[in-house]
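Participant: Starting off with a structure, shown below.
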Amino acid sequence: MPLRVPELAPSLGRVLVPRRLVDPWVPLDDIREELATRVIELGGEARAAAVREERERVLEAVSRRAWLGAWERAVRRAAERVARALDGEIERAGQQVRMARRRWRRRLLSGPEKRAIAARLATGGEPFVAALDVLEQTAARAREASVLDKEVHAEWQEALRTAARRLEVAWLALEAVVADERRRWAPEIDAVAAWRPSLWPLFAAWVPLTLLLVWLGLVLGGYLAAPAWLARRLGF
């Protein structure tokens with residue numbers, strides 16, 4: 001009995017059709033659309049294999065590995081985009097206050113900080129990964145199921161739909177973490193924007209020069225005696 005692959009688009013929900021009041025502060029729709037497209041493509045590949053009665057290919061097309069690969073790529077791209085956006089805000093803030101390039105560059109995100117962002121974005125995927133574990137278990141049973149094992153087939157189909165629904169939950173959690181990242185880094189960006197150059201170099205240069213000019217004025221005005229070397233030079 002060939003496996004029947006359910007339509008996954010309805011279960012993807014807001015991964016496929018977003019419903020939000022405010023757009024994310026960094027563009028994510030292209031990443032979301034790529035994720036939804038990839039899942040639909042996996043379903044299409046599985047259905048094509050089902051028509052050819054290639055059960056192993058069906059199970060492989062919508063396997064745990066295939067789903068997880070699509071999700072991890074989306075997380076990685078989103079993390080890279082968030083990191084670039086934060087670096088851009090730090091750079092713009094530094095340039096606006098005329099901070100030295102080497103100074104604001106030291107405040108850009110480090111490698112560990114970028115990896116931490118990716119890890120935080122992935123945390124919402126835990127229910128999705130758990131659903132994939134269940135999918136893998138049902139796929140193992142479906143692989144050996146006979147024509148009469150309709151219940152096993154139904155469990156596998158439901159596991160696919162559940163994985164799609166959990167992917168929606170994971171994506172919404174990712175968007176929430178993206179919003180949190182801006183709040184997390186706001187103090188760092190505000191600190192750059194509030195930076196002002198130190199005045200001590202100006203004092204160090206101008207105070208001695210000012211004192212010298214005042215002293216010279218008093219000497220020339222006759223209020224102070226001129227040193228011998230200055231008197232000779234000025235013809236006093």
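Read-outs: derived from the displayed coordinates by stated rules, not from any lab. Because the structure is predicted, anything quoted here is derived from the model rather than measured. With ideal geometry, Cβ positions are generated from the backbone for all residues, glycine too; neighbour counts draw on all protein chains shown.
Participant: With runs of 4+ DSSP H residues as the only contributors, calculate the mean residue ellipticity of the chain at 222 nm using -39,500 (n - 2.57) per run, divided by the residue total and rounded to the nearest 500.
Facilitator: Details: 10 runs with 175 residues, N = 236.
Rounded to the nearest 500, the figure is -25000 deg cm²/dmol.
Participant: Continuing with the same structure: Among VAL62, ALA9, ALA83, whose Cα projects farthest towards the positive end of the dipole of the range 6-86, with charges put on the beta-carbon of Lys, Arg (+1) and Asp, Glu (-1)?
Facilitator: Sorting the options by dipole projection puts first ALA83.
Participant: Counting only C-alpha contacts under 8 Å and six or more residues apart, can you give the relative contact order of the chain as a whole percent?
Facilitator: Values: 213 pairs, mean separation 59.3, N = 236.
Reported relative contact order: 25 percent.
Participant: Also: Could you list ARG81, ARG143, ARG103 in order of exposure, starting from the residue whose Cβ has the fewest other Cβ atoms within 10 Å?
Facilitator: Working: ARG81 17, ARG143 14, ARG103 11.
By the 10 Å Cβ count, ascending: ARG103, ARG143, ARG81.
Participant: For VAL39, VAL51, which order do you get if you count the other beta carbons within 10 Å of each Cβ and list the fewest first? Walk me through the numbers before you get to the answer.
Facilitator: Values: VAL39 25, VAL51 10.
Ascending Cβ contact count within 10 Å gives the list VAL51, VAL39.
Participant: Tell me the volume per residue, in Å³, of the convex hull enclosing the alpha carbons of the range 1-66.
Facilitator: So the per-residue Cα hull volume is 79 Å³.
Participant: Still on this structure, please answer the following. Based on alpha-carbon centroids, what's the gap between the range 17-33 and the range 42-109 in Å, whole number please?
Facilitator: For the range 17-33 versus the range 42-109, the Cα centre distance is 14 Å.
Participant: Mind jotting down a quarter of the surface of the convex hull over the alpha carbons of the range 50-177, in square nanometres, one decimal? Don't skip to the answer; put the middle values down first.
Facilitator: On the way: hull surface 39.2 nm².
Mean projected area of the Cα convex hull: 9.8 nm².
Participant: Can you sort LYS150, LYS114 from fewest to most other Cβ atoms within 10 Å of each residue's own Cβ?
Facilitator: Numbers: LYS150 11, LYS114 18.
Ordered from fewest to most neighbouring Cβ atoms within 10 Å, LYS150, LYS114 come out as LYS150, LYS114.
Participant: Which of these, VAL15, VAL26, VAL75, has the largest mean-square fluctuation under a Gaussian network model of the chain (Cα springs below 10 Å)?
Facilitator: Highest fluctuation among the options: VAL26.
Participant: Stokes-Einstein at 37 °C, 0.692 mPa s, Kirkwood radius from Cα pairs: D for the chain in µm² s⁻¹? Please list the in-between numbers first.
Facilitator: Details: Rh = 22.7 Å.
Once the numbers are plugged in, D ends up at 145 µm²/s.
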